[in-house]
Amino acid sequence: MHEQTLYKIVEPVKKTTISRLNKKRKWKYGYNKENDIVVISKTGKIGQVVEIQGLRIGLPAEPKSMHVFAENKWQRLNYPKELSKLKSIFDWRSYPEEAKEQWYDYIDEEFKRRDEGFWFINNNKPTYITGSHYMYLQWSKIDVGAPDFREANRLFFIFWEACKADERCYGMCYLKNRRSGFSFMSSAEIVNLATISSDARYGILSKSGADAKKMFTDKVVPISVNYPFFFKPIQDGMDRPKSELAYRVPASKFTRRKITANEKQEELVGLDTTIDWKNTGDNSYDGEKLNLLIHDESGKWEKPDNILNNWRVTKTCLRLGSRIIGKCMMGSTSNSLDKGGNNFKKIYNDSDVTRRNRNGQTKSGLYSLFMPMEWNFEGFIDQYGQPTFNNPSHDVYGPDNQLIDIGVIDHWQNEVDGLKDDQDALNEFYRQFPRTEEHAFRDETKNSLFNLIKIYEQVDYNEGTDSSAVLTSGNFQWINGVKDTQVVFNPDPQGRFKVSWVPDRNLQNRVILKNGIKYPGNEHIGAFGCDSYDISGTVDGRGSNGSLHGLTKFSMESAPANTFFLEYISRPQTAEIFFEDVLMACIFYGMPILAENNKPRLLYYFKRRGYRGFSMNRPDKVWNKLSTTEKEVGGMPNSSEDIKQAHAAAIEMYINDHVGILDDGTYGTMYFNETLNDWAKFDINKRTKHDASISSGLAIMACNRHLYRPVPNIEKQKLNLGIARYDNQGFASKIIK
């Protein structure tokens, strides 16, 4: 039974507080700092608070009465025939005054719904849609005519309304599946906002100029053309323009007759607002002020175009100083990582609402939203707009009255099972119809040094497993804060370490003292690999992370064999904090560490504290072949080509033997997806970008150091016993010299 995790109802504000402020209509549209919620109600009252991908949103209070459709579901409201004959404001002006009276209430109500949203009964449940969603459903024309109501789109528009309301936010970064309707929804929104804004500029970008133009001519313009006259401003130029939709008074020529005419002419007032599109490029819209920027297909910008560079430019178009004056609606499925997907992934990851700077903004300024495919998959949405997750126990029909006899989860899994033998096709299917963020950013197998099939088998298995039951986040600490005593592990959701196994108490803190030097007592159980750094901070703040991995080997102790049990990928404020973290992990597990010695501060830190015995020497050389520094602090360089190849081969060996589906049909016990994904992207020529791969590979080499032990070249001399040999031919024997 599938349980949705896209949104949940939360109670961050006491009910008494909500009730008290509702009576006075004190809830203001926008971010409420005191209660840390974004209020999207424009009535001064709020009801439920929902959390969508970490963003808490206060919805309008449920009214006493709401619209009830005849079929107990959303239907387009009838547009009066008399009004449908009026195509522009000019037709309305020539309409008889006595006939206008009967339509004022109707028009006012439509403007109110556009502004405040709309409540209706859907399958016997009170349902709220925002004003933007109402305009999309009621007044927008798409390729199939009128859009269907979908619960996924309702949540999308609620999230978007919160992005508009939050003055800290530049907009949304929407990671979607194919055919989810983003292009039409964003087109409807740009027309909706442009037709109520004066002296404003609205822009469209896509993966190419041709795509932006097609979106403009095939989606934006038809929606504008089909608006009712009371929503349609005066328009300049052609009724179906190709490059710019201008809501302004058409220019007219000044003539002597006009200037000298005595009759008073009624002055026309326009919005002076435009919608246009630009060719794709890093500097598109550079230097212009925008109220809304639509970024369609933003995960498919291929070289030389770069969505990351463009966003850095266009972000400045949406603000004046520190004040945000415009929003961006960015949405896309993702290409493979080297075809634009990686830059989009960076923007998406930088848009996490749970990670903000001191100004309360995300790194990108946007808010990320991922809609799993099961919410918005064509053919599996019932007549009430709800997704059919599981196999229905009774007859369920879609909007077209077609029977839905299987759940979308099973249907998707059947598709996946059918593509198991074609990994590239499977990864493309994952990217087009992702159930997780991991699926959405799947890469092509041909770009990886390692076996991506095995890696992604393990990733999929890990995602299907409750990670909280396997992995624990936390930090190591000295007991009572006294260094060089005993170390304990304290679980902490924000901890820098992730562990899947903790040794029994009798195996913890095993340290052996020899000649004043401390050695690990569990060397037979496993070892650590570490990719260190020496500099605490960098000028741009983008230094690589410190990385530590722990791996077990086969032993008679109560420890899982050949299992990565610890992952640490972080960059604390100072290098010394990192060094202490690494030291405490080694002491707690009682295992040695193999670290890169081209960044030697960590190794000198171990030596200075008396733990030189924990630092392993390079396994490919005997003691008398080590350099002076290597004898002093241990470690292993990463500069030679032989070591690079041996390091990559070690990871490859581990993946083939212990990752994904194993020979006995079970799955591997590599539970750290961040490391698995780093393996998937590993580039042997750009190793500095892959901290997790470096440290995990060193851990594998440390646990298999016997494979790298040099074999001495021993020449065996022939043994001469001094026994003479004779030739006995003829009458007398002759010695053979």
Descending accessible area (1.4 Å probe), largest on the left, turns 29, 726 into 726, 29
Just need the Rg to Rh number for segment 299-413, please, alpha carbons only, Kirkwood Rh. 1.13
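Could you put 113, 323 in order of accessible surface area, largest first, with the 1.4 Å probe and the full protein assembly present? Don't skip to the end; give the middle numbers.
Details: 113 40, 323 145 Å².
Descending accessible area places them as 323, 113.
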Only Cα pairs under 8 Å and at least 6 apart count here; give the relative contact order of segment 467-535 as a rounded whole percent. 23
Computed over segment 306-368, the relative contact order (Cα-Cα under 8 Å, seq sep at least six) in percent reads 25
Quote to one decimal, in nm, the extra length available between residue 279 and residue 78 on full extension: 0.36 nm per residue of separation minus the C-alpha distance between them. 68.4 nm
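Could you work out the percent of alpha carbon pairs in segment 658-737 separated by over 18 Å, rounded to a whole number?
Numbers: 2206 of 3160 pairs.
Of the Cα pairs, 70 percent sit more than 18 Å apart.
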Note, ³J(HN,Hα) from phi for segment 589-600, Karplus 6.51, -1.76, 1.60, rounded to Hz, x at Gly and Pro: 8, x, 10, x, 10, 10, 10, 5, 9, 6, 10, x
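Measure up 28/73; 644/686; 363/686; 15/112; 42/363; 621/681 against 19 Å on the Cα-Cα distance and list the ones that go over. Don't jump to the answer; show the numbers that get you there.
Details: 28/73 31 Å; 644/686 11 Å; 363/686 25 Å; 15/112 28 Å; 42/363 29 Å; 621/681 30 Å.
Pairs exceeding the cut-off: 28/73; 363/686; 15/112; 42/363; 621/681.
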At a 1.4 Å probe, what is the % contribution of carbon and sulfur to the accessible area of segment 1-136? 47
Put +1 on the Cβ of every Lys and Arg and -1 on every Asp and Glu Cβ in the chain; which of 645, 419, 448 then has its Cα farthest towards the positive end of the dipole? 645
Given 0.36 nm per residue, what is the gain on full extension from residue 323 to residue 48 after removing their alpha carbon distance, in nm? 96.1 nm
Hey, what did segment 273-384 get for relative contact order, percent, Cα under 8 Å, at least 6 apart? 23
So what is the accessible area of segment 120-218 per residue, in Å², with the probe set to 1.4 Å? 27
Sulfur and carbon atoms: percent of accessible area, segment 403-489 [1.4 Å]: 45
If you take the charge dipole of segment 588-737 about its Cα centre, with +1 on Lys and Arg Cβ and -1 on Asp and Glu Cβ, which of 598, 588, 733 is farthest toward its positive end? 733
Convert each backbone phi in segment 154-164 into a coupling constant with the Karplus relation 6.51 cos²θ - 1.76 cosθ + 1.60 (shift: θ = phi - 60°), then list the ³J(HN,Hα) values in order as whole Hz, x for Gly and Pro. 4, 5, 4, 5, 5, 5, 5, 4, 5, 4, 5
Would you mind computing, in nm to one decimal, how far apart the modelled labels at residue 470 and residue 515 are, each placed 7 Å from Cα along Cα→Cβ? 4.4
Would you compute, from DSSP H runs of 4+ residues alone, the mean residue ellipticity of the chain at 222 nm, taking -39500 (n - 2.57) per run and dividing by the full residue count, rounded to the nearest 500? -8500 deg cm²/dmol
Short version: what are the Cα gyration tensor semi-axes of the chain, square root of 5 times each eigenvalue, largest first, in whole Å? 65, 28, 26
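Just to confirm a number: summing +1 for Lys and Arg and -1 for Asp and Glu over residues other than residue 432 whose beta-carbon lies under 11 angstrom from that of residue 432, what do you get? All intermediate terms of the calculation are to be shown ahead of the outcome.
Values: positive: 176, 178, 179, 431, 442; negative: 415, 428.
Taking every other residue near residue 432 into account, the sum is +3.
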Largest first, how would 201, 496, 442 line up by accessible area (1.4 Å probe)? 496, 201, 442
Quote the FRET efficiency, to the nearest 0.05, computed for residue 391 versus residue 179 with a Förster distance R0 of 22 Å and r equal to the Cβ-Cβ distance. 0.45
Tabulate in residue order the Karplus-calculated ³J(HN,Hα) for segment 689-701, using 6.51 cos²θ - 1.76 cosθ + 1.60 with θ = phi - 60°, rounded to whole Hz; enter x for Gly and Pro. 7, 10, 4, 5, 5, 4, 5, 5, x, 5, 5, 5, 5
Sorted by chain and then number, the residues having a modelled amide H within less than 5 Å of the amide H of residue 596, at least 5 places away or on another chain, are 530, 532, 636
Long-range amide H contacts for residue 404: which residues qualify at under 5 Å (H placed 1.01 Å from N, peptide plane, sequence gap of 5 or more or a different chain)? 396, 397, 398
Starting from the amide H of residue 385, placed 1.01 Å from N in the peptide plane, find each other amide H under 5 Å away whose residue is 5 or more places distant or on another chain. none
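Quick check on segment 639-702: what does the Kirkwood estimate of hydrodynamic radius come out to from the alpha carbon pairs, in Å?
Numbers: mean 1/r = 0.0814 Å⁻¹.
For segment 639-702, the Kirkwood estimate is 12.3 Å.
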Cα Rg, Dmax, segment 480-576, angstrom units: 15.6, 49
Quick one: length gained pulling residue 98 to residue 662 fully straight, 0.36 nm per residue minus the C-alpha distance? 194.9 nm
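How much accessible area per residue does segment 295-418 have, in Å², with a 1.4 Å probe?
Working: 5470 Å² over 124 residues.
Accessible area per residue, segment 295-418: 44 Å².
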Once you put a point 7 Å from the Cα of residue 570 and another 7 Å from the Cα of residue 2, both along the Cβ direction, what distance in nm separates them? 3.5
Shape verdict for segment 1-88, please, from the Cα gyration tensor: rounded (a/c under 1.5), prolate (a/b greater than b/c) or oblate. prolate
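The values are calculated or read from the model by the stated rules, or taken from the named source; none is laboratory data. Everything numeric in this text was worked out from a predicted model, so none of it was measured. Every residue, glycine among them, receives a Cβ derived from its backbone with ideal geometry; neighbour counts consider all protein chains shown. To get the accessible areas, we keep the full protein, side chains included, count just its heavy atoms, and leave off ligands, DNA and RNA. Shrake-Rupley method; radii C 1.70, N 1.55, O 1.52, S 1.80 Å.
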